[in-house]
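Remarks on the structure that follows.
The values are calculated or read from the model by the stated rules, or taken from the named source; none is laboratory data. Treat the numbers as computed from the prediction; the structure is a model and nothing was measured. Cβ placement follows ideal geometry from the backbone for every residue including glycine, while neighbour counts extend to all protein chains displayed.
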Amino acid sequence: MTTTPATDTGGAVGTAAVDTVIVGAGQSGLALGYYLAQQHRNLVILDAGTRVGDAWRSRWDSLRLFTPAKYNGLPGRPFPGDRLAFPTKDEQADYLEDYASRFHLPVRPNTAVTRLSHDGQRFHVTAGAQRWTSANVVLATGACHLPKTPGFAAELPSAVVQLHSHSYKNPAQLAPGPVLVVGVGNSGAEIALETSRTHETWLAGKPSAEIPFRHGRTAARFFIPVVRFAGMHVLNTNTPVGRKVLPKLAGTGRPLIRTKTADLRAAGVQLVPRVAGVQDGEVILDGGQSLPVANVIWCTGFTEAYPWLDIPALPANWREQQHRGIVDALPGLYLLGKDLMFAAASETLPGVCRDAKYLAKRLAATRAPQDEAEVQSRLAA
């Protein structure tokens, strides 16, 4: 499979004219790139990472996916190996890198977008000294943009080691003494279980729920397919139950999957109330209990942000106004890989692939890519 290369108007600081710019070379950007390449679209995939898959490589060392390998492939290439195994984050990263290479997808690494604007006809994408103009832009950057921590974190003494889950790698980063993990989502639960092997560990917060079965190979064979079906085909915006349930899921924590509260207690993790603030250099919990911590790991999520988006006409809630990734407020602007974008499974690998296929079909129905001579003539004017 080949793609039409971007046409550069000349010079290291030239402007390349393409049909579609995809921002982000994670699983969503690559899946869409695959489908657009089948249409012979003129596209480019921009990514800030040094290598394809770096978003996975940057996570903590022991991370494994919750979905079995049989669900972790992208279109045109199944994930290799044991279909019931749960790949490590590095195995998933290497798969994505191989995928981009195998299908000759036009990925530009080390290319962080610094500005995206629109002149009423075409988009203009800037990354340092590089520039592209396009009819379509797809934001496939995921939701893990800016690590979120409470303001009172700055009140902790400088001797306390503070890490966000985004920068946590392993317990070797921690100082001697107790560890407080804040946030009982899946990241918080797994990290707390790991740190409990070397440090006294507290876990602050309350889980939203737990899946009612033990995660593992048996679940991969019998239960996860049921969950996948519900998340893909039942809980989506095309069904009455999906339209009722999905708004309630927005902003709520996901259920604990692999590590449950019983596992944490068995490992000696102390479950404590949510953190209320900091007083006299110590963490204060709801109820007034203080904790003299030596380390804090904030598993408090991320803020979705596009500080480089320079389109004043877009309404503030444009991300919520999209339907299946199509931003109605600005034709040609699309989202992909966004949580609950169409279904409960939209952020998962199977959901990403389905949403990418849908967007590719919509793009195929739009006006055919402009003749390059026409685009170059406009750029030179």
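Applying the criterion of being among the acidic types (Asp, Glu) and free of Cβ contacts under 8 Å to residues at least 24 places away in the same chain to the residues of the range 72-97, the residue that is nearest to CYS353 (Cα to Cα) is GLU91. Candidates are the residues of the range 27-58 that are surrounded by 20 or more Cβ atoms within 10 Å (Cβ to Cβ) and assigned to a loop (DSSP other than H, G, I, E, B); the one that is farthest from the chain's Cα centre (by Cα) is ARG41.
Entry remark, the range 156-174: residues being out of contact with any helix residue (DSSP H, G or I) (no Cβ under 9 Å at 6 or more places or on another chain) and within 15 Å of LEU291 (Cβ to Cβ) number 4 in total. If you go through the range 102-143 and pick out every residue that is among the hydrophobic types (A, V, I, L, M, F, W, C), assigned to a strand (DSSP E or B) and in contact with a helix residue (DSSP H, G or I) (Cβ under 7 Å, 6 or more places away or on another chain), you end up with 2.
Could you list all residues from the range 229-242 that are in a loop (DSSP other than H, G, I, E, B) and more than 24 Å from GLY301 (Cβ to Cβ)?
Within the range 229-242, ASN238, THR239 qualify.
For ALA159, the conditions (1) closer than 30 Å to GLY351 by Cβ; (2) loosely packed, with under 15 Cβ neighbours inside 10 Å are fulfilled apart from (1). Here PRO75 fulfils each of the conditions (1) at pLDDT below 95; (2) in contact with a helix residue (DSSP H, G or I) (Cβ under 6 Å, 6 or more places away or on another chain) apart from (1).
Residues in the range 306-339 that are in a strand (DSSP E or B) and farther than 19 Å from GLY26 by Cβ: HIS323, ILE326.
With respect to the conditions (1) buried (at least 21 other Cβ atoms within 10 Å of the Cβ); (2) outside the structural domain of ALA159 (by TED's automatic domain parsing); (3) over 20 Å from GLY351 (Cβ atoms), ALA189 lacks only one, and its number is (2).
Against the list (1) closer than 24 Å to GLY188 by Cα; (2) touching a residue at least 40 places away in the same chain (Cβ under 8 Å); (3) touching an Asp or Glu at 6+ places or on another chain (Cβ under 9 Å); (4) not charged (D, E, K, R), the condition ALA69 fails is (2). Residues of the range 199-224 that are touching a strand residue (DSSP E or B) at 6+ places or on another chain (Cβ under 9 Å) and either surrounded by 13 or more Cβ atoms within 10 Å (Cβ to Cβ) or basic (Lys, Arg) (or both): HIS199, GLU200, THR201, TRP202, LEU203, ALA204, GLY205, LYS206, PRO207, SER208, GLU210, ILE211.
Scan the range 81-98 for residues that are more than 18 Å from the chain's Cα centre (by Cα) and either of a type in the set (Asp, Glu) or farther than 25 Å from ARG221 by Cβ (or both) and the total you get is 2.
Scanning the range 102-124 for residues that are under 22 Å from ASP328 (Cβ atoms) and in contact with a Ser or Thr (Cβ under 7 Å, 6 or more places away or on another chain) turns up ARG122, PHE123, HIS124. Can ALA85 be described as surrounded by 15 or more Cβ atoms within 10 Å (Cβ to Cβ), in contact with a helix residue (DSSP H, G or I) (Cβ under 6 Å, 6 or more places away or on another chain) and under 20 Å from LEU363 (Cα atoms)? Considered against the rule, which asks whether it is surrounded by 15 or more Cβ atoms within 10 Å (Cβ to Cβ), in contact with a helix residue (DSSP H, G or I) (Cβ under 6 Å, 6 or more places away or on another chain) and under 20 Å from LEU363 (Cα atoms), ALA85 comes out as no.
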